[in-house]
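First the structure, in the form of C-alpha cells, and then the observations on it.
The values are calculated or read from the model by the stated rules, or taken from the named source; none is laboratory data. Values in this document were obtained by computation on a predicted structure and should not be read as measured data. All Cβ positions, even for glycine, are placed from backbone atoms using ideal geometry, and neighbour counts span all protein chains on display.
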Amino acid sequence: MTLHINYDHSCSNCKAQYIPYDEKVPCPNCNIVEEERFDFIPQAVVSMRFNKSRSGSYLPGAWWVGSLSDHILRLLFSLFDSYEERQDKELSINSFASKWLSEMNWGEQAYLEKHLLLIAEKVGEIIYQEGSA
Ligand SMILES: [Zn+2]
C-alpha cells in the first residue's frame with residue numbers, strides 16, 4: 001500500500017501544471033498568483049514517511065502515477081533516497097537537490113525544475129528538522 005495525492009492543477013493563465021502548495025506561491029511559468037491553494041507539503045511528508053517506515057526507502061516497490069502530485073512525489077522519493085545515499089555527508093539537502101534536479105531533462109517543463117527545488121526545500125525542512133529520518 002502507498003499513499004497517493006490526487007491533486008492536479010493547471011495555471012488559469014498559461015496552463016502550466018504546478019502545485020500552489022503554499023501562500024503566495026506563483027505559477028512557476030508565468031508568475032501570476034492564483035487564488036487556488038493546496039496544502040501539498042504535509043501530505044507529501046506523510047506519504048514519504050509511510051514508505052520509508054514500510055520499505056526502508058522513500059521510493060516504494062511500485063508507484064502508479066495518477067496525478068501531477070503523484071508525479072512530483074515520485075521525483076521527491078528518488079531525490080530524497082539519493083540524498084540519503086550521498087557520499088558527501090556535509091552536503092545540505094538544498095545544495096544536493098539543486099544539483100540533482102539540474103541534471104534532469106525537463107523538456108518542455110523546464111519551469112518545474114525550480115518549482116521542484118522549492119518543494120524539496122520545504123519537505124526537507126520538515127523531514128530533517130523533526131529528526132524522523
Ligand atoms: Zn502560469
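Observations on the structure shown:
- Any pair with Cβ under 7 angstrom, 6 or more apart, that starts in the stretch 93-106 at a residue that is of a type in the set (S, T, N, Q) and ends at one that is surrounded by 13 or more Cβ atoms within 10 Å (Cβ to Cβ) and at pLDDT 95 or above: Asn94/Glu121; Asn94/Gly124; Ser98/Leu117; Ser102/Glu113
- Residue under evaluation Ser82, criteria (1) in contact with a Ser or Thr (Cβ under 7 Å, 6 or more places away or on another chain); (2) under 19 Å from Leu101 (Cα atoms); (3) surrounded by fewer than 16 Cβ atoms within 10 Å (Cβ to Cβ), criterion not met: (1)
- Candidate set from the stretch 1-46 (those that are within 16 Å of the ligand (Cβ to nearest atom) and not in a loop (DSSP other than H, G, I, E, B)); member that is surrounded by the most Cβ atoms within 10 Å (Cβ to Cβ): Gln17
- Hits in the stretch 47-70 (condition: surrounded by fewer than 17 Cβ atoms within 10 Å (Cβ to Cβ) and within 16 Å of the ligand (Cβ to nearest atom)): none
One line per residue, one yes/no per condition, for (1) modelled with pLDDT of 95 or more; (2) more than 14 Å from Tyr18 (Cβ to Cβ); (3) among the aromatic types (Phe, Trp, Tyr):
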residue: Phe50; (1), (2), (3): yes, yes, yes
residue: Val65; (1), (2), (3): yes, yes, no
residue: His71; (1), (2), (3): yes, no, no
residue: Asp81; (1), (2), (3): yes, yes, no
residue: Glu84; (1), (2), (3): yes, yes, no
residue: Asn94; (1), (2), (3): yes, yes, no
residue: Ala97; (1), (2), (3): yes, yes, no
residue: Ile126; (1), (2), (3): yes, yes, no
residue: Ser132; (1), (2), (3): no, yes, no
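- Given (1) over 17 Å from Ile119 (Cβ atoms); (2) touching a helix residue (DSSP H, G or I) at 6+ places or on another chain (Cβ under 9 Å), index of the condition Ile32 fails: (2)
- Verdict on Trp64 being of a type in the set (Phe, Trp, Tyr), more than 15 Å from Gln43 (Cβ to Cβ) and in a helix (DSSP H, G or I): no
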